[in-house]
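Notes to accompany the following structure.
The values are calculated or read from the model by the stated rules, or taken from the named source; none is laboratory data. What you see is a predicted model; the values in this text were computed from it and never measured. With ideal geometry, Cβ positions are generated from the backbone for all residues, glycine too; neighbour counts draw on all protein chains shown. The protein model used for the area step is the full one, side chains on, heavy atoms only, and it has no ligands, DNA or RNA in it. Shrake-Rupley method; radii C 1.70, N 1.55, O 1.52, S 1.80 Å.
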Amino acid sequence: MQSGQISDYGFLADGRSAALVDHTGSVNWWCPGRFDAPSVFARLLDDGAGHWSIRPEGDYTVERHYLDDTLVLRTVFRTAHGEVALTDALAFEPGARGHDIGVNSPQVLVRSVEGLSGEVPMRSSYRPRFEYGRTIAYLVERNDMLEAIAGAARLTLRCSVGFTPSDGEATATFTVRAGATHNFTLGYAPTYDAPLPEVPDADQTIADTVAGWRSWADEHDYQGLYAEEVRRSRLVVQGMTYGPSGAVVASVTTSLPEKLGGDRNYDYRYVWVRDFSLTLRALWRSTCVGEVQRQFAWLGRAMGRVDDKPVPIMYGVLGERDLTEHRLEQLGGYRDSPPVVIGNDAWQQRQTDIFGETMDAAWLMRDRLVPLDQEVRHVLRVLADQAAGDWNLPDAGMWEERGVEHHHVSSKVQCWVALDRAVRFGDRLGDPQDVARWAAARDKVRAEVLDRGWNERMQAYTGSFESDELDASVLVMPLVGFLRADDPRMRSTIHAVEDRLSHDGLLRRWDGDPAGFVICSFWLVSCLALAGERDRAHTLFKELAGRVNDLGLFAEQIDPLTGEQLGNFPQAFSHIGLINAAGVLTDVERDPALRGLGMPPEHFSPARS
């Protein structure tokens, strides 16, 4: 049966795909090939949609952890008969190290059962279901392997115990004695135009994958505060990076609900431009310049040549644009909370905030973009021109409202960011007439936000122009340098948002949002630190960082009453929020003058005009 909560899951990754393993040792999600590919195990979304479990017979207790500086999971089962350890990994290409991990991963899931004490009876249930549970594979024994094949996919399982196949499922029972090891290797490949799936030696593969992860971690020596939390979150973000292109997906799952029984179930296995500058800032914070450059190069290729047409707000991992959404009616949904969807129709929305997020990323990378090549210069000029021309249009906003558009304050602020950074680039980006035009538009946007975004009765900047509704998205204003955090109106806004939208340290996006949104809560940490409320910022950071699951993983949201994690899992946005908040806290501690300055230090460079 399905695990009880999203936080029950551990996360495995290989730079191509991800698998989720629950605390009972059941792999309930794996979409091999790439993050948004059809699943072979999807029990996460329906009991009948496929899984692969390895667990003791009878009662047991569980403790689990990642091996240091890896996403290799070790689960220890304690029973009345003894103890066993289950080690799970998605394999890297043999010998892959540093920034090469995940580029050519073999699409192999490796599981190893080690006896620690006594003699423990074990059971494994192997039930592949292809195409999101639609297809039952034939299970065929070939030599020492068990092959599952149907449609476009095939799996090959090699193990040291015997499975008995029957009606699309295979089971095995075996006993693990102290000092003994039983290994399982499951390889995936397309049915046609590909060699047979790889089934390498499990012990060697796990050791090599551990070495690959650790070699990558050794190249990312973050020296700031909360180093342990940042290091774990940085590994999670790397786990959501598609190795061949360098793109970072928002999450590795689809349709995990923001509220049980609700209908806000979306596919997050894509790359949002909205997340782009925040992702790059997190990479930059963890001293990973090479990956920052790779990310920026990916975005330029994904966008292609842009002129006067709207820029897409999201892409597939290889830059695909058409992400049309449709429902999978055969799946009942996580804990019976449909719908289950693949694709995401937000790709067709207008979100004017993306101009600022892309330009801010370029400004962050300005010293690495010397000289600006022709393609990059063209993209940035077009984005600046579109921000100047479209800032006064309503849009769907960063929370991607469907079927309605408003004049969202955060979108206007990001248009200001685009124009401000264009002016800062100066003659590197445009001639004097261009820079003057961008500066005039920038000043117009600022004046409109300060006038129409402020609500005198609420004593706060609200979510959209002439609105009475608070929205946590306005907390980006000091984080992008639009206003000082200690500006009287901004400070009033920070306190109003905290007072009316937070509960037990968790900040909702708007009144009526079913749960606290993790990245918004970390934005609040940064705003408090920059406003000079250092002690409260540290206290809140520690409370939030303590809300991860037992493996250090965040979903998108957390119920402030029950502590239950909700939404797609793990969520890059949440971990990026932690990294960036730790960075701001570090900056403030190292330079006390920043407490009154009210904006991150990367915005200090004077604008050129």
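Between R500 and R402, the modelled label-to-label distance comes to 2.7 nm, taking each label 7 Å out from Cα in the direction of the beta carbon. Give me the Debye-computed log₁₀ of I(q)/I(0) at q = 0.22, 0.27 Å⁻¹ for segment 419-465, equal point scatterers on Cα only, no solvent, two decimals. The Debye formula, applied to the Cα set alone, gives -0.70, -0.85. Give me the distance between the Cα centres of segment 113-155 and segment 307-385, rounded to whole Å. After rounding, the separation between the Cα centres reads 37 Å. Each peptide in 101-108, 235-242 gets a packing score, the mean of other Cβ atoms within 10 Å over its residues, and the list from highest to lowest is 235-242, 101-108. Based on Cα atoms of segment 177-269, Rg over Rh with Rh as the Kirkwood radius reads 1.07. Stokes-Einstein at 20 °C, 1.002 mPa s, Kirkwood radius from Cα pairs: D for segment 312-409 in µm² s⁻¹? Reported coefficient: 134 µm²/s. Volume of the convex hull of segment 96-189 (Cα atoms only), normalised per residue: 131 Å³.
Rolling a 1.4 Å probe over the protein chains gives H81 an accessible area of about 110 Å².
Expected output is a single nm value to one decimal: the length gained when fully extending between Q223 and H326, i.e. 0.36 nm times separation in residues minus the C-alpha distance. What is it?
Full-extension gain reported as 32.6 nm.
When the helices of the chain are scored as -39500 (n - 2.57) per DSSP H run of n ≥ 4 and the total is divided over every residue, the value at 222 nm lands at -10000 deg cm²/dmol. For E141, the solvent-accessible surface with a 1.4 Å probe is about 130 Å², rounded to the nearest 10.
Using the Kirkwood radius over C-alpha pairs as Rh, can you work out the diffusion coefficient of the chain via Stokes-Einstein at 25 °C, viscosity 0.890 mPa s, in µm² per second? Value of D from the Cα-based Kirkwood radius: 98 µm²/s. The listed residues D221, D36, once ranked by accessible area (1.4 Å probe) with the largest placed first, stand as D221, D36. For segment 1-130, the Kirkwood radius over C-alpha pairs fed into Stokes-Einstein at 20 °C and 1.002 mPa s yields D = 141 µm² per second. Each 5 Å bin from zero holds the following percent of Cα-Cα pairs in segment 462-546: 3, 16, 29, 27, 17, 6, 1, 0. For E469 and D559, the difference between the fully extended length at 0.36 nm per residue and the C-alpha to C-alpha distance is 30.3 nm. Shape of segment 537-577 from the C-alpha gyration tensor: oblate (a/c of 1.5 or more and a/b not above b/c, with a ≥ b ≥ c the square roots of its eigenvalues).
Taking the centroid of alpha carbons for each part, segment 389-406 and segment 64-86 are 47 Å apart.
Out of the total accessible area of the chain (probe 1.4 Å, heavy atoms of protein only), what percent is carbon and sulfur?
The nonpolar share, carbon plus sulfur, comes to 47 percent.
Restricting attention to segment 1-93, close to 100% of DSSP beta bridges with both partner residues there are antiparallel. For the chain, relative contact order (Cα pairs under 8 Å, six or more residues apart, normalised by length) works out to 12 percent.
Since only F130, L419, Q107 are under comparison, the one whose Cα sits farthest along the positive direction of the charge dipole of the chain, derived from C-beta charges on Lys, Arg, Asp and Glu, is L419. Counted over segment 214-345 with a bin width of 5 Å, the fraction of Cα pairs per bin, in whole percents, is 2, 10, 17, 18, 16, 14, 11, 9, 3, 0. Once a ≥ b ≥ c are taken as the square roots of the eigenvalues of the Cα gyration tensor of segment 343-498, is the result rounded (a/c under 1.5), prolate (a/b larger than b/c) or oblate (a/b not larger than b/c)? Since a/c reaches 1.5 and a/b is larger than b/c, the shape of segment 343-498 is classed as prolate. Heavy atoms of the protein chains alone define the surface here; on that basis segment 208-264 has 32 Å² accessible area per residue at 1.4 Å probe size.
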